[in-house]
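Note sheet for the following structure.
The values are calculated or read from the model by the stated rules, or taken from the named source; none is laboratory data. These numbers come from a predicted model, not from an experiment. As a convention, Cβ positions derive from the backbone with ideal geometry for all residues, glycine included, and neighbour counts pool all protein chains shown. Side chains are part of the model used for accessible areas, which takes the heavy atoms of the whole protein and leaves out ligands, DNA and RNA. Shrake-Rupley method; radii C 1.70, N 1.55, O 1.52, S 1.80 Å.
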Amino acid sequence: MEENHNKNQPNQYLIPLAIVIAGAFVAGALYFSNSGATANAPVAITDTNQPVAAAPEPTGSTDAVRPVTSEDHIKGNPNAPIKIVEYSDFECPFCKRFHDTMNEVMDKYGDSGEVAWVFRQFPLEQLHPVKAQAVAVASECAAEQGGNDAFWKFTDGYFDVTLTNNRTDIETVIPQLVKEAGLDQVTFQTCFESGKYDDHIEADIANAVETGGRGTPWSVMIGPDGKTYPVNGAQPLAAIEQLISIAKNEQ
Amino acid sequence: MYVKTLRVVFAKPLYTTLFLVISFFVLSVAIMLPHVGLIRTLWQYESVSVVEILLLTANLYGSLGTNFTILSASYTVVIALLFGIQVTLLAYYLKSIRNKATNLTSVGASGVGGLISGFFGIGCAACGTFLLSSILVLFGAGGLLAWLPFGGEEFGLIGVGLLVYANYLIIKKINAPLVCVS
């Protein structure tokens, strides 16, 4: 006969060990989810076109955000003191949600010229194969033919109707949006099949990764003084407004 | 037996407080994981006041409704509550047995396994940003997510299951007095 607790003496260390393991895991979670965005030095905001790097090393610093130029797709005042550069995936459900949030932000801060919204491409091929990239190309072709207005008409229209997560029937939706934007179908199709925007989209993706983006939506807010703020995921309107208020006070 | 045990434990304010603190901590970690970079950045800008950072942090709790699917938000809350219950029950149990060593292998393994599995599935479900995808991408296996029916959220559900099991085991322990066995 032996006492149960003597038999299991070594297990008295299990609980502290379990707590240590759990703590280590939480620390690991923090590391993995935030090894990107780091301290930011102010970035220069220019109106000139900058050549884009083909495949920059991911630095995870938001100050690596490519300067906003007239080549970007901008909603609102291009010279707004606060710019929110969003890297988005047309088939991501959270991008759809954040698109609505950003439209609300622009309704509130766009008319006064305080905030500009810059849209860049970040199609996640592994999560939304083929379709996210195809819609990104389509949006660029819409912009090429119809300018900034056509781009936003296409983009707003797509996020309105997309079922997200690769469930959208792009064969039907894209031609419909092209028609609604008043674009020429033949010219659009030629552009769409040309592959001419593949490098541009790759450059956007590379810049998203370089600034610390590892999922979508990923955004970098640029304040009046050039300071940058990482905005990860679909943050609620209240948080974006609070961040705008902070950025405004920084100038 | 199980409900009665929970009633006994949570009737004591100390254990209820412990439960609330642990649950809130786990929930906060899950919600704030994607935003640590932003908060850290704000702390580094000297002109940003502590009040502004706290206000922003409070607003970021709203991302439970925008950065998560209904499924992931649900199991994130459930995991936080279950883990809070587990830690509380463990504290109660350890206090009740004082210095008597006992076998808690299965309880500990299930609880930690549940938390780990749960954390794989949580930490912001925005496209590609949750922890599992980060780790898979690190090992060049990000495409695996596309093959999972729920895109990796399965791990959160497994976490819930393991934590329920761990709580069941610890309640059984509480109700099974230490005895001599032959």
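Odds and ends about this structure:
- For the residues B:V29, B:V36, the requirement of being open to solvent by 40 Å² or more (accessible area, probe 1.4 Å) and facing another protein chain (nearest Cβ under 9 Å) singles out B:V36.
- For region A:78-95, a residue qualifies if it is within 17 Å of A:K248 (Cα to Cα) and polar (S, T, N, Q), and exactly one does: A:N79.
- Being open to solvent by less than 30 Å² (accessible area, probe 1.4 Å), farther than 30 Å from A:A239 by Cα and either touching a Pro at 6+ places or on another chain (Cβ under 6 Å) or modelled with pLDDT of 85 or more (or both) is a property that B:T66 lacks.
- Hits in region A:172-229 - residues which are more than 14 Å from every other protein chain (Cβ to nearest Cβ), of a type in the set (A, V, I, L, M, F, W, C) and in a helix (DSSP H, G or I): A:V173, A:I174, A:L177, A:V178, A:V186, A:F188, A:C191, A:F192, A:I201, A:A203, A:A206
- Among the conditions (1) within 24 Å of A:T101 (Cβ to Cβ); (2) free of Cβ contacts under 8 Å to residues at least 60 places away in the same chain, A:T228 misses just one, which is (2).
- Selection from region A:107-154 of residues that are among the acidic types (D, E), closer than 21 Å to B:C127 by Cβ and open to solvent by 30 Å² or more (accessible area, probe 1.4 Å): A:E125
- Flag if B:T57 is open to solvent by less than 60 Å² (accessible area, probe 1.4 Å) and over 30 Å from B:Y92 (Cβ atoms): yes
- Whichever residue in region B:70-99 is farther than 18 Å from B:F25 by Cα and open to solvent by 40 Å² or more (accessible area, probe 1.4 Å) and, among such residues, is modelled with the lowest pLDDT: B:N99
- With respect to being modelled with pLDDT under 90, under 11 Å from A:N207 (Cβ atoms) and within 14 Å of another protein chain (Cβ to nearest Cβ), A:P58 fits the description.
- In region A:230-251, the residues that are under 20 Å from A:V209 (Cα atoms) and either assigned to a helix (DSSP H, G or I) or small (G, A, S) (or both): A:G233, A:A234
- Residues in region B:2-44 that are polar (S, T, N, Q) and under 19 Å from the mean Cα position of the chain (by Cα) were compared, and the one that is nearest to B:L64 (Cα to Cα) is B:S28.
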